[in-house]
Amino acid sequence: MTYKLSMIALSASAGIFTASMASAEQITFVSQGGAYQEAQTKAILDPVAKLLGITVNQDSSPDAWPVIKTQTASGKVIWDVIDTPPKDCIRGGEQGMIEKLDFSKIPNAEKMPAEYKSPYSVAYEFYSSVLAYNKDKFGDNPPKTWADFWDVKKFPGTRALRSHPLATLEAALLADGVPADKLYPLDVDRAFKKLEEIKPHVAVWWTSGAQSAQLLADGEVDMEMAWNGRVAAVVKEGAPIGYSFNQGFLQYTSLCILKGAPNLDTAVKFVNAALTPDIQANFPAYIDYGPGNPEAYKTGKISPERAAQMPSSPDNAALQVLIADEWWSSPAGEEAQKRWASFIQQ
């Protein structure tokens, strides 16, 4: 009798356990992998999972756009929430592949600037494309603007730019005298004409963040456009590299939700929780990228010294140009990217 009762009790408890496991909420979250995804796991994903009592499964894809198209076209959607450039979210939304966000269910986004949001996405974390330079080469007179970068007589030396039009076209226009608040819509013809001037002096057109950092660390180039996180890492290793956020290009990755996401309701709750100011304020503890929600800077968790190193802090954001992702996802932006392929191959 005791044996039968214990077996019944065991079966009952196993049934309860199975039921609780089956009813546990979960999502699949996708980001770009590497050290960045490791950092956000500690800063954002684990705290959100604990806060909501859900399971956050992870996948990674350096370029999510082809997978977004494949999953939605096949009707076999596996991903829920994606951390990707805003233009993927915007064009995906316009093409029926990304869910339109119900911001009434995302109250943590309410105080975020309008330019940090689109109908399909919301800013998640910020980084900047900045002008970095070798301090040993330039001493007390380093290049400070993109006009300086283009001035090969006043600032002789080897240069590197990213092999991509985004931010590079904007830099060319600033160098050509276009005011920062008049950049968009981009005068693409003018930008490419200015790029033709500097092209003979560009030693390397880099294709990855790791490559850009190595160029600085090895002293292969005297100045370059690079992502602030990569530059900061080289500085920490002791390389004589300087940079500032002046005329930087403020960029961000967004959170958006795939159309037909298998865990839609939980995905919406995840997005809201990931924007919680107190959780967003964890980013600077793990990586040199800034919180997407500016309210994070009011929590007291980010010291003034650390805020000064963050691309999205109010003081640094004011010095920079916010990349217009809606322009880059427009037909004109798509055409500029096609034109870039021809320019770089010539």
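The values are calculated or read from the model by the stated rules, or taken from the named source; none is laboratory data. Worth saying up front: this structure is predicted, and the values here are computed from it rather than measured. Neighbour counts run over all protein chains shown; Cβ positions are idealised from the backbone, glycine included. Keep in mind that these areas ignore ligands, DNA and RNA; they rest on the heavy atoms of the full protein, side chains included. Shrake-Rupley method; radii C 1.70, N 1.55, O 1.52, S 1.80 Å.
Can you confirm whether the range 233-241 contains a residue that is exposed (fewer than 15 other Cβ atoms within 10 Å of the Cβ) and touching a residue at least 40 places away in the same chain (Cβ under 8 Å)? Yes, some residue in the range 233-241 is exposed (fewer than 15 other Cβ atoms within 10 Å of the Cβ) and touching a residue at least 40 places away in the same chain (Cβ under 8 Å).
Find the residue count for the range 124-162, including only residues that are of a type outside the set (A, V, I, L, M) and farther than 30 Å from Pro113 by Cα. Before you say what the answer is, go through the steps one by one.
Keep residues of the range 124-162 that are of a type outside the set (A, V, I, L, M), which gives 124-129, 133-146, 148-151, 153-159, 162.
Next, from what is left, pick out any that are farther than 30 Å from Pro113 by Cα: 133-143, 148-151, 153-159.
Number of matching residues: 22.
So for the range 285-307 (the condition being farther than 24 Å from Ile54 by Cα and open to solvent by less than 10 Å² (accessible area, probe 1.4 Å)), does at least one residue qualify? Among the residues of the range 285-307, at least one is farther than 24 Å from Ile54 by Cα and open to solvent by less than 10 Å² (accessible area, probe 1.4 Å), which makes the answer yes. For the range 33-65, the set of residues classified as touching a residue at least 60 places away in the same chain (Cβ under 8 Å) and in a loop (DSSP other than H, G, I, E, B) consists of Ile54 only. Out of all the residues in the range 96-153, which are assigned to a strand (DSSP E or B), touching a Phe, Trp or Tyr at 6+ places or on another chain (Cβ under 9 Å) and within 30 Å of Ser74 (Cβ to Cβ)? Selection gives Ile98, Lys117, Val122, Ala123, Tyr124, Glu125.
If I ask for residues that are assigned to a helix (DSSP H, G or I) and open to solvent by less than 20 Å² (accessible area, probe 1.4 Å), which ones from the range 326-346 would you list? Those that are assigned to a helix (DSSP H, G or I) and open to solvent by less than 20 Å² (accessible area, probe 1.4 Å): Trp328, Gly333, Ala336, Trp340, Phe343. Residue count for the range 287-307, restricted to those that are more than 16 Å from Leu255 (Cβ to Cβ) and at pLDDT below 95: 2.
Considering the range 247-272 alone, what residues qualify as being touching a Phe, Trp or Tyr at 6+ places or on another chain (Cβ under 8 Å) and at positive phi? Show your work before the answer.
The initial filter retains those residues of the range 247-272 that are touching a Phe, Trp or Tyr at 6+ places or on another chain (Cβ under 8 Å), namely 247, 250-256, 258, 261, 270.
Within the range 247-272, just Gln247 meets the criteria.
A search for C-beta distances below 9 Å between a residue of the range 151-170 that is in the same structural domain as Gln211 (by the TED database) and any residue that is of a type in the set (Asp, Glu) and open to solvent by less than 10 Å² (accessible area, probe 1.4 Å), counting only pairs 6+ apart in sequence or on different chains, returns Thr158/Glu224; Arg159/Glu224; Ala160/Glu224; Leu161/Glu224; Arg162/Glu224.
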